[in-house]
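*Asks:* Below is the structure I would like to discuss, written out as structure tokens.
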Amino acid sequence: MSAAFVTILGSNSAVPAFNRHPTSQVLELGGELILIDCGEATQIQMQKFQIKRNRINHIFISHLHGDHYFGLIGLITSYGLMGRTTDLHIYSPNGLAQLIQLHLQLGGVVLPYALHFIVIEQEGLIFENNKIKVHCFPTIHRIACFAFKFEEKRNPRKIDVAQCIANDIPAAYYRYLQLGNDYETKQGKIIKNETVTIAADAPKTYAYGADTIYNEAMIPFVSNVDLLYHETTFLKDLAERAAARYHSTTVEAATIALKANVKKLVIGHFSSKYKDLAQFKLEAAAVFENVELAIEGTCINI
Ligand SMILES: [Zn+2]
Ligand SMILES: [Zn+2]
């Protein structure tokens, strides 16, 4: 089982404030290191928290508000200066390729690696390899914006070799046992799968809710995930302001977590009007107990 955790690089909304930076997270899942949003200062935060940036081959940008992508041109350019040759894939709503390519063109930059832009237009599967898959879901925000769900693929069952030998099961059949099949001996006796294999660890899931107004339509998309990130730009007393700006409050984020039966909630995208964040946790925990603040530099297990 590979490691599964999220490192918070940026947790503030709109502008940097109180040593907090605009949104960015790094996800370790299924042996992949994935960047989710890339606000200003993402590179600096990567250095500070010793992120191995060369392991990142896939970047997911939720939407084109600057607090979610203003760090991207710097990162792309640095990769070039550092001599990167591995392809880089960037998933985002329409328009990002034009923005980045204009920067590169006017700066006379020729990258030594291939940049692939994948435009997200609707709900569905946007990336898959043999270890993980990523689905997206449109949130309700001021511009096109997508939530992402990152899922490990189901692990095969583990072979109990001692039991297999005791039951005379040939090693050539192990791969069928891993898929859950029973074994039939030459005498016609059925050896039940669960007596000769061990259940693998459950696959992990992480949902990144991006910027969104309170939206119960998101609940089926994030239901039962191990960890949900949901924005909480404002405390609960500013629910009207949150709705007017297509953002959410503590109570709203926690209500989505509760209704979606997630295992754990992490909240962030804090408004710059708040210096102290303690109240965010108190208000969210009153609705959904297993909640953590997106404090920069913390690694949250999935
Ligand atoms: Zn934002
Ligand atoms: Zn936004």
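What follows draws every value from the coordinates through simple rules; no lab data is involved. Keep in mind the model is a prediction, meaning the values are calculated, not measured. In this analysis, Cβ positions are derived from the backbone assuming ideal geometry, glycine residues included, and neighbour counts consider all displayed protein chains.
*Asks:* Which order, highest average first, do 120-126, 71-77 follow once you tally other Cβ atoms within 10 Å for each residue and take the mean per peptide?
*Replies:* Peptide ranking by packing, descending: 71-77, 120-126.
*Asks:* Still on this structure: Okay, helix-only estimate at 222 nm for the chain: each DSSP H run of n ≥ 4 adds -39500 (n - 2.57), divide by all residues, round to 500 deg cm²/dmol; what do you get? Provide the component values of the computation, followed by the final result.
*Replies:* Numbers: 10 runs with 71 residues, N = 302.
That comes out to -6000 deg cm²/dmol.
*Asks:* When N counts the residues of the chain, how does its alpha-carbon radius of gyration compare numerically with 2.2 N^0.38 Å, as a ratio?
*Replies:* On the way: Rg = 22.1 Å, N = 302, 2.2 N^0.38 = 19.3 Å.
Dividing the Cα radius of gyration by 2.2 N^0.38 Å gives 1.14.
*Asks:* Can you give me the P(r) profile for segment 1-112? Cα pairs, bins 5 angstrom wide beginning at 0, each as a whole percent.
*Replies:* Using 5 Å bins, I get a P(r) of 2, 12, 23, 24, 21, 12, 5, 1, 0, 0 for segment 1-112.
*Asks:* Please identify the trypsin sites (Lys or Arg not before Pro) of segment 223-302 that satisfy two criteria: DSSP loop assignment and at most 15 other Cβ atoms within 10 Å. Which are they?
*Replies:* Working: sites: Lys236, Arg241, Arg245, Lys259, Lys263, Lys264, Lys273, Lys275, Lys281; in loops: Arg245, Lys263, Lys273, Lys275.
Answer in residue order: Lys263, Lys273, Lys275.
*Asks:* For segment 15-71, compute Rg over Rh where Rg is the Cα radius of gyration and Rh is the Kirkwood radius from the inverse mean 1/r over Cα pairs.
*Replies:* Values: Rg = 11.2 Å, Rh = 11.6 Å.
My calculation of the ratio gives 0.97.
*Asks:* In addition: Could you list Arg53, Arg175 in order of exposure, starting from the residue whose Cβ has the fewest other Cβ atoms within 10 Å?
*Replies:* Values: Arg53 18, Arg175 11.
The order, fewest Cβ neighbours first, is Arg175, Arg53.
*Asks:* Counting only Cα, what are the radius of gyration and maximum Cα-Cα distance Dmax of segment 165-302, in Å?
*Replies:* 22.8, 75
*Asks:* Between Lys186 and Glu289, what is the label-point separation in nm under the 7 Å Cα-to-beta-carbon projection?
*Replies:* Roughly 5.8 nm, to one decimal.
*Asks:* Enumerate the calculated ³J(HN,Hα) couplings along segment 215-232 in order (Karplus 6.51 cos²θ - 1.76 cosθ + 1.60, θ = phi - 60°), each rounded to whole Hz, writing x wherever the residue is Gly or Pro.
*Replies:* Using θ = phi - 60°, the values come out as 8, 5, 5, 7, 4, x, 5, 9, 4, 6, 5, 6, 9, 10, 9, 10, 5, 9 Hz.
*Asks:* Now a separate question. Using only the Cα atoms of segment 57-114, what do you get for the radius of gyration and for Dmax, in Å?
*Replies:* Final numbers for Rg and Dmax: 11.1, 29 Å.
*Asks:* Rounded to the nearest 5, what % of the DSSP beta bridges within the chain are antiparallel ones? Display every interim value, and only then the final one.
*Replies:* Details: 34 of 60 bridges.
Roughly 55 percent of the DSSP beta bridges within the chain come out antiparallel.
*Asks:* Another question, then. Looking only at His63, His135, His269, which one moves most when the chain is put into a Gaussian network model with springs between Cα atoms under 10 Å?
*Replies:* His135
*Asks:* Within segment 73-164, list the chymotrypsin sites (Phe, Trp or Tyr not before Pro) lying in a DSSP loop whose Cβ has at most 16 other Cβ atoms in a 10 Å radius. Before the final figure, lay out the partial values.
*Replies:* On the way: sites: Tyr79, Tyr91, Tyr113, Phe117, Phe127, Phe146, Phe148, Phe150; in loops: Tyr113.
Loop-located and lightly packed - Tyr113.
*Asks:* Continuing with the same structure: Roughly how big is the chain's charge dipole about its Cα centre, with Cβ charges of +1 (Lys, Arg) and -1 (Asp, Glu), in debye to the nearest 20? Present the calculation step by step, with values, prior to reporting the outcome.
*Replies:* Working: 28 positive and 29 negative charges, 95 e Å.
The calculation lands at about 460 debye.
*Asks:* May I ask you to list the GluC sites (Glu not before Pro) in segment 242-302 that are in a DSSP loop and have at most 13 other Cβ atoms within 10 Å of their Cβ? Write out the running numbers ahead of the final one.
*Replies:* Numbers: sites: Glu252, Glu283, Glu289, Glu292, Glu296; in loops: Glu289, Glu296.
Taking segment 242-302 and a limit of 13 other Cβ atoms within 10 Å, the loop GluC sites (Glu not before Pro) found are Glu289.
*Asks:* Something else about it: Only counting other Cβ atoms within 10 Å, I'd like Cys136, Cys299, Cys38, Cys164 sorted with the fewest neighbours first. Show your work: numbers first, answer last.
*Replies:* Working: Cys136 24, Cys299 13, Cys38 29, Cys164 20.
Listing Cys136, Cys299, Cys38, Cys164 from fewest to most nearby Cβ atoms yields Cys299, Cys164, Cys136, Cys38.
*Asks:* Give or take rounding to whole Å, what are the principal axis extents of the alpha carbon atoms in segment 173-235, in descending order?
*Replies:* Between the extreme Cα coordinates on each principal axis of segment 173-235 lie 68, 18, 16 Å.
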